[in-house]
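The structure under discussion appears below in the form of structure tokens.
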There are 2 protein chains.
Amino acid sequence: MDMRNMAVTDAIAARRDLVNAAIGEDLPVTSPERLYKASRHLLDAGGKRLRPAMLLLVGEALVDVNPEQTDYREFPTLNGVTIDLMAAAVSIEVIQSFTLIHDDIMDDDDLRRGAPAVHRAYDLETAILAGDTLYSKAFEFMLETGAPADRSVRALSMLATTCTKICEGQALDVAFETRTDVLPEEYLEMAEQKTAVLYAAATAIPAILLGADDETVEALYGYGLDVGRAFQIQDDLLDLTVPSEKLGKQRGSDLVENKQTIITLHARQHGVDVDSLVTTDSVEGVSEAEIDAAVETLEASGSIDYARETAERLVADGKARIDVLPDNEAHDLLLDIADYLIDRGY
Amino acid sequence: MDMRNMAVTDAIAARRDLVNAAIGEDLPVTSPERLYKASRHLLDAGGKRLRPAMLLLVGEALVDVNPEQTDYREFPTLNGVTIDLMAAAVSIEVIQSFTLIHDDIMDDDDLRRGAPAVHRAYDLETAILAGDTLYSKAFEFMLETGAPADRSVRALSMLATTCTKICEGQALDVAFETRTDVLPEEYLEMAEQKTAVLYAAATAIPAILLGADDETVEALYGYGLDVGRAFQIQDDLLDLTVPSEKLGKQRGSDLVENKQTIITLHARQHGVDVDSLVTTDSVEGVSEAEIDAAVETLEASGSIDYARETAERLVADGKARIDVLPDNEAHDLLLDIADYLIDRGY
């Protein structure tokens with residue numbers, strides 16, 4: 001890891017620790033205890049807190065504060081008054097956690113972040129209810145920043161439409177499973193709705209709450225959207241290119257499970273018989289040689305390069321958009337985070 | 001049915017038809033179609049639209065309008081400007097529908113309003129996602145009334161805390177199933193959280209949006225809470241007192257299924273061996289004679305009277321609270337609805 005990447009991961013980690021402390025404050029385990037324990041289960045299992053860290057960094061970049069002297073609970077806006085920017089950061093992370101809990105039920109996944117999924121650690125009823133509780137709590141938190149009412153309404157409105165889009169994206173993802181004619185562009189649209197909109201909300205909402213002009217809000221929304229889409233593509237790439245032991249799961253498992261990714265969709269469009277790439281149908285049974293051969297085919301069809309170039313283009317676009325921000329350390333970190341998301345090895 | 005009850009049901013029905021039309025406008029079946037069809041499934045299966053009708057009636061009572069000359073989409077506030085009060089009514093009904101979809105999954109119920117539950121008509125994944133979509137849509141709708149921002153923030157805040165309370169109430173209900181020492185007061189508290197808070201939100205939110213003073217908002221919240229709790233108790237009473245053919249399901253099915261109600265909790269507290277009241281363990285197998293005997297025991301212990309008196313007291317309390325409203329037809333209807341909820345035979 002080079003020096004710049006280390007600065008990025010350090011910056012994210014420093015904010016992650018503060019976000020974790022704030023989650024403990026804002027979402028205590030109260031009665032009914034089982035419900036709130038289940039609601040905290042995934043949040044307590046770890047995570048980089050990338051979205052809330054980016055939210056805080058946007059705030060720092062906009063208002064040009066020194067993070068070491070900043071209390072995110074009394075964060076200066078562009079108009080003098082202070083708001084609880086941390087409440088907005090927690091809100092975004094809580095939405096993310098709600099979607100993961102319900103996604104794990106829908107995908108019948110047993111593990112998440114190395115811990116049992118909520119519907120395994122507890123039960124289906126509790127997992128549905130824990131997700132539903134986090135959903136409304138996230139709206140409560142976003143209303144508790146103390147921002148002027150008109151800004152709160154705009155932030156809430158963005159949060160609500162973001163959640164609707166995430167649901168629509170998840171529904172598209174499910175619908176794609178039974179289609180063999182999905183285009184790479186359709187996949188990108190789905191990934192945008194399912195994943196990238198929450199990055200966009202995380203980077204645009206602090207600008208709304210702090211009183212930035214419309215042009216800045218829009219630029220930051222676009223930055224989040226581009227970076228979020230690149231992040232999703234990178235996830236698909238990592239599944240093929242990172243050794244299993246580093247990845248924490250079998251390399252190529254997307255291929256084994258016939259998951260459509262931008263890579264397989266590009267390959268199919270270019271004549272590759274994607275369904276025959278990996279014939280072993282269990283992650284436990286597949287050999288490294290079979291994955292190697294599949295990756296070689298996907299390289300030959302230009303599909304891996306296509307994904308890589310698409311991600312790189314998105315990151316370049318996203319970085320250009322935030323030229324509207326003042327020049328400062330937080331701005332530089334937002335640029336570096338965009339690069340880091342497609343440089344990261346795992 | 002007497003004349004007053006007929007006026008009440010007519011008034012609710014007239015507003016129900018308008019709410020149904022508004023649901024069609026605000027929640028069209030767009031892409032992804034399967035998701036939006038599933039989201040509309042229960043809403044299209046019927047329902048009295050009691051909560052949105054009460055929301056509209058509170059608006060009419062406060063602003064003293066003639067409903068026949070009123071466009072709920074451009075409803076006069078107490079300060080001259082108009083708002084889309086119907087959007088708030090739809091929001092409340094959509095929240096109700098979301099909770100029913102997820103509740104049916106949690107209770108593994110196959111039928112709702114005579115139609116298959118969403119997770120039966122579609123599948124588990126789609127039902128979870130349809131509920132999640134309605135959740136965020138309800139917040140979107142509540143933000144689209146055009147009310148001044150400070151009122152929208154208050155309304156949103158009430159909607160979010162209401163949803164949190166509904167989840168907490170449902171979690172308590174689940175927890176009670178494995179306890180034999182639940183007190184009637186605890187049951188009432190649970191019923192309040194699970195059911196009554198949405199009535200309270202439906203009657204308080206129009207007051208907030210229309211610019212009523214805090215005293216009025218609080219009185220209307222209390223009215224909704226009292227009436228909602230009475231409604232829940234009446235549901236428990238109906239299960240024991242209405243003939244099966246009129247009820248649309250086996251009379252006494254709560255007893256067969258060992259569901260705790262305020263009636264059984266009172267009886268247990270007064271020495272009745274509730275678990276032995278009905279020994280048949282299937283709704284199909286139970287005889288009317290067995291239910292008759294159980295009801296006789298519950299009458300002898302004063303449990304049925306206790307429930308009836310509690311509901312009557314709540315309705316009287318609720319009615320007294322809305323003395324703050326101007327004298328007009330809508331005010332009278334809100335009083336009559338409170339009575340109707342515990343007079344209704346089914």
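Residues in segment B:5-29 that are in contact with a helix residue (DSSP H, G or I) (Cβ under 6 Å, 6 or more places away or on another chain) and farther than 22 Å from B:GLN69 by Cβ: B:ASN5, B:ILE23, B:ASP26, B:VAL29. Inside segment A:120-150, residues that are touching a His at 6+ places or on another chain (Cβ under 7 Å) and either open to solvent by 40 Å² or more (accessible area, probe 1.4 Å) or over 16 Å from A:TYR36 (Cα atoms) (or both) make up a count of 1. Exactly one residue among A:ALA230, A:ALA117, A:ALA204 is small (Gly, Ala, Ser) and closer than 22 Å to A:ILE83 by Cα, and that residue is A:ALA204. Within segment B:262-284, the only residue that satisfies the criterion of being open to solvent by less than 20 Å² (accessible area, probe 1.4 Å) and not in a helix (DSSP H, G or I) is B:VAL278.
Candidates B:ILE342, B:ILE291, B:ILE322: the one that is more than 28 Å from B:GLY222 (Cα to Cα) and in contact (Cβ under 8 Å) with a residue 12 or more places away in the chain is B:ILE291.
Count, please, the residues in segment B:151-181 that happen to be open to solvent by less than 10 Å² (accessible area, probe 1.4 Å) and of a type in the set (A, V, I, L, M, F, W, C).
Residues of segment B:151-181 open to solvent by less than 10 Å² (accessible area, probe 1.4 Å): B:152, B:155-156, B:159-160, B:162-164, B:167, B:169-170.
Of the ones still in play, those that are also of a type in the set (A, V, I, L, M, F, W, C) are B:155-156, B:159-160, B:163, B:167.
Selection size over segment B:151-181: 6.
Scanning segment B:71-103 for residues that are within 24 Å of B:ALA338 (Cα to Cα) and of a type in the set (Val, Ile, Thr) yields B:VAL90, B:ILE92, B:VAL94, B:ILE95, B:THR99. For segment B:54-66, which residues satisfy the criterion of being without any contact (Cβ under 8 Å) to a residue 60 or more places away in the chain and open to solvent by less than 10 Å² (accessible area, probe 1.4 Å)? Of everything in segment B:54-66, nothing turns out to be without any contact (Cβ under 8 Å) to a residue 60 or more places away in the chain and open to solvent by less than 10 Å² (accessible area, probe 1.4 Å). Do we find a residue being in contact with a Ser or Thr (Cβ under 6 Å, 6 or more places away or on another chain), part of a helix (DSSP H, G or I) and more than 9 Å from chain B (Cβ to nearest Cβ) anywhere in segment A:186-197? Yes, that holds for at least one residue. Residues of segment B:1-44 that are open to solvent by 10 Å² or more (accessible area, probe 1.4 Å), under 13 Å from B:VAL94 (Cα atoms) and within 18 Å of the chain's Cα centre (by Cα): B:ASN20, B:ASP44.
From the list B:LEU78, B:LEU100, exactly one residue is surrounded by 17 or more Cβ atoms within 10 Å (Cβ to Cβ) and either of a type in the set (Val, Ile, Thr) or more than 24 Å from A:LYS194 (Cα to Cα) (or both). Which is it? Even if it seems obvious, please write down each step before you answer.
Values: B:LEU78 fails: surrounded by 17 or more Cβ atoms within 10 Å (Cβ to Cβ).
Exactly one of B:LEU78, B:LEU100 is surrounded by 17 or more Cβ atoms within 10 Å (Cβ to Cβ) and either of a type in the set (Val, Ile, Thr) or more than 24 Å from A:LYS194 (Cα to Cα) (or both), namely B:LEU100.
Only one entry in B:ASP343, B:ASP281 is in contact with a helix residue (DSSP H, G or I) (Cβ under 8 Å, 6 or more places away or on another chain), at pLDDT below 90 and farther than 30 Å from B:THR203 by Cβ, namely B:ASP281.
Across segment A:86-102, a minimum of one residue is classified as over 30 Å from A:THR70 (Cβ atoms) and modelled with pLDDT of 90 or more. Taken over segment B:187-203, the residue count meeting the criterion of being within 25 Å of B:ILE105 (Cβ to Cβ) and either open to solvent by 40 Å² or more (accessible area, probe 1.4 Å) or not hydroxyl-bearing (Ser, Thr, Tyr) (or both) is 11.
I'd like the residue in segment A:25-37 that is within 18 Å of B:THR178 (Cα to Cα) and part of a helix (DSSP H, G or I) and, out of all such residues, is farthest from the other protein chains (Cβ to nearest Cβ). Explain how you work it out, then say what you get.
Applying the first criterion (within 18 Å of B:THR178 (Cα to Cα)) to segment A:25-37 yields A:31-35.
Restricting the remaining residues to those that are part of a helix (DSSP H, G or I) gives A:33-35.
Details: A:GLU33: 9, A:ARG34: 7, A:LEU35: 4 Å.
By that ranking, first place goes to A:GLU33.
Contact map, segment A:196-219: first residue more than 11 Å from A:ARG154 (Cβ to Cβ) and at pLDDT 95 or above, second residue of a type in the set (Val, Ile, Thr) and not in a helix (DSSP H, G or I), Cβ cut-off under 9 Å, separation 6 or more or different chains; pairs are A:LEU210/A:THR77; A:LEU210/A:ILE83.
Residues that are among the acidic types (Asp, Glu) and either under 19 Å from the mean Cα position of the chain (by Cα) or under 30 Å from B:LEU129 (Cβ atoms) (or both) occur at least once in segment A:131-139.
Filter segment B:151-174 down to the residues that are acidic (Asp, Glu) and within 7 Å of chain A (Cβ to nearest Cβ) and list them by number. Selection gives B:GLU168 alone.
Of all the numbered requirements in (1) of a type in the set (Gly, Ala, Ser); (2) under 27 Å from the mean Cα position of the chain (by Cα); (3) surrounded by 20 or more Cβ atoms within 10 Å (Cβ to Cβ); (4) not in a loop (DSSP other than H, G, I, E, B), B:ALA212 misses one, and that requirement is (4). Apart from one condition, A:PRO116 fits all of (1) open to solvent by 50 Å² or more (accessible area, probe 1.4 Å); (2) modelled with pLDDT of 90 or more; the exception is (2).
The values are calculated or read from the model by the stated rules, or taken from the named source; none is laboratory data. Nothing here was measured: the structure is a model prediction, and the numbers come from that model. All Cβ positions, glycine included, derive from the backbone under ideal geometry; neighbour counts span all protein chains shown. When the accessible area is computed, the model is the full protein with side chains, heavy atoms only, and any ligands, DNA or RNA have been set aside. Shrake-Rupley method; radii C 1.70, N 1.55, O 1.52, S 1.80 Å.
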